[in-house]
1. Take Phe37 and decide whether it is at pLDDT below 95 and closer than 19 Å to Leu158 by Cβ.
2. In the stretch 167-185, what count of residues is obtained for those that are part of a helix (DSSP H, G or I) and closer than 20 Å to Glu28 by Cα?
3. Out of (1) touching a residue at least 40 places away in the same chain (Cβ under 8 Å); (2) surrounded by fewer than 20 Cβ atoms within 10 Å (Cβ to Cβ), the odd one out for Phe80 is which?
4. If you scan the stretch 149-164, which residues turn out to be buried (at least 19 other Cβ atoms within 10 Å of the Cβ) and farther than 20 Å from Thr32 by Cα?
5. Inspect all residues belonging to the stretch 131-140 and state whether any of them is surrounded by 13 or more Cβ atoms within 10 Å (Cβ to Cβ) and either within 19 Å of the chain's Cα centre (by Cα) or free of Cβ contacts under 8 Å to residues at least 12 places away in the same chain (or both).
6. I'd like the residue in the stretch 80-105 that is assigned to a loop (DSSP other than H, G, I, E, B) and of a type in the set (A, V, I, L, M) and, out of all such residues, is farthest from Lys209 (Cα to Cα).
7. Looking only at residues in the stretch 61-74 that are on the phi < 0 side of the Ramachandran plot and in a loop (DSSP other than H, G, I, E, B), which one is surrounded by the fewest Cβ atoms within 10 Å (Cβ to Cβ)?
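The values are calculated or read from the model by the stated rules, or taken from the named source; none is laboratory data. These figures come from a predicted structure and were not determined experimentally. Note: ideal-geometry Cβ built from the backbone for every residue, glycine included; neighbour counts use all protein chains shown.
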Amino acid sequence: MLFKQLLISAILGLASFASLALPDVVAEYSNTQKKGFEKQSSSFSFARNQQQVITIYPQKQTAEYWQKRANGRHHFYRFFTADQRSVYYPPSDLSSLNIIRSWDSIENLHPLSWLSSLERVDSQTQAGKQVDFYRGTLADIYVELDWLPEYQLPQRILTKQGFKSHEIVLQSLKQDPAFIEQALAEWLSYPSIDYADVGDSENDPFLAKMIRQGFIEHAASGVYDSNGKVIQAAHSH
């Protein structure tokens, strides 16, 4: 199947180009969204190595996998762990669905340009780790970023716009180089489908359910709710 062939080929080619060496990490975050008096709380796990990033959403029973490509056309996969099914999104479909992200925003949970666009107002050592505090406004959205330069990850991000806010807070952080490979060993055993074939498979009960729940949008002009977009200046999931 195209999904498996592409994945095997890509994994074998991961070492074919160099990149800035970031620490391999596994992080747990709390995720809180507020709208007026309404509040939604959840959590997610984030894992990164040199060429791969996975994000696990336990409440939604989904996981997302980004794989870096030298040409910038990064591969994106979504795994539905409860149903043990997966969907592969070719780069051309990511563009049509407006899921276009720079690799730094994927592996750092926000664009690195934020560090130059926001003002660094303080720097402290907390629990033996340096934390840099950035504040400012991006595209009419107020942003607070507490940044861990050693790990190239946020300790906390808060965005506010009007009566809406979105905050993620680091709960734990460790280095586990085998975490991603162990997770993929299970997920890659799931039956898979290319996103381009979803429209021809709507009689599949699993795909019909995912479309109804908003995880998969079968119309090219439709809006796709990507949990992989953990936080952006103008969007939150």
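1. Working: at pLDDT below 95: yes; closer than 19 Å to Leu158 by Cβ: yes.
Yes: the conditions hold for Phe37.
2. If we filter the stretch 167-185 for residues that are part of a helix (DSSP H, G or I), which is where we start, we get 179-185.
Keeping just the survivors that are closer than 20 Å to Glu28 by Cα gives 179-184.
Number satisfying all stated conditions: 6.
3. Among (1) touching a residue at least 40 places away in the same chain (Cβ under 8 Å); (2) surrounded by fewer than 20 Cβ atoms within 10 Å (Cβ to Cβ), Phe80 violates only (2).
4. Tyr151
5. First, the residues of the stretch 131-140 that are surrounded by 13 or more Cβ atoms within 10 Å (Cβ to Cβ): 131-138.
Checking which are either within 19 Å of the chain's Cα centre (by Cα) or free of Cβ contacts under 8 Å to residues at least 12 places away in the same chain (or both) leaves us with 137.
Yes, the stretch 131-140 has at least one match.
6. So the first thing to find is which residues in the stretch 80-105 are assigned to a loop (DSSP other than H, G, I, E, B), and the list is 81-84, 90, 97-102.
Filter once more, so that each one left must be of a type in the set (A, V, I, L, M): 82, 97, 99-100.
Numbers: Ala82: 13, Leu97: 19, Ile99: 22, Ile100: 25 Å.
Checking each candidate, the answer is Ile100.
7. Taking the stretch 61-74 and keeping what is on the phi < 0 side of the Ramachandran plot, we get 62-71, 73-74.
Add one more test, that the residue is in a loop (DSSP other than H, G, I, E, B), and what stays is 68-71, 73-74.
Values: Lys68: 19, Arg69: 16, Ala70: 13, Asn71: 7, Arg73: 11, His74: 22.
For the stretch 61-74, the residue satisfying everything is Asn71.
Table: residues versus (1) closer than 19 Å to His166 by Cβ; (2) at pLDDT 95 or above; (3) surrounded by fewer than 19 Cβ atoms within 10 Å (Cβ to Cβ).
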| site | (1), (2), (3) |
| --- | --- |
| Gly13 | no, no, yes |
| Asp24 | no, no, yes |
| Tyr29 | yes, yes, no |
| Phe76 | no, no, no |
| Leu94 | no, no, no |
| Asn108 | yes, no, no |
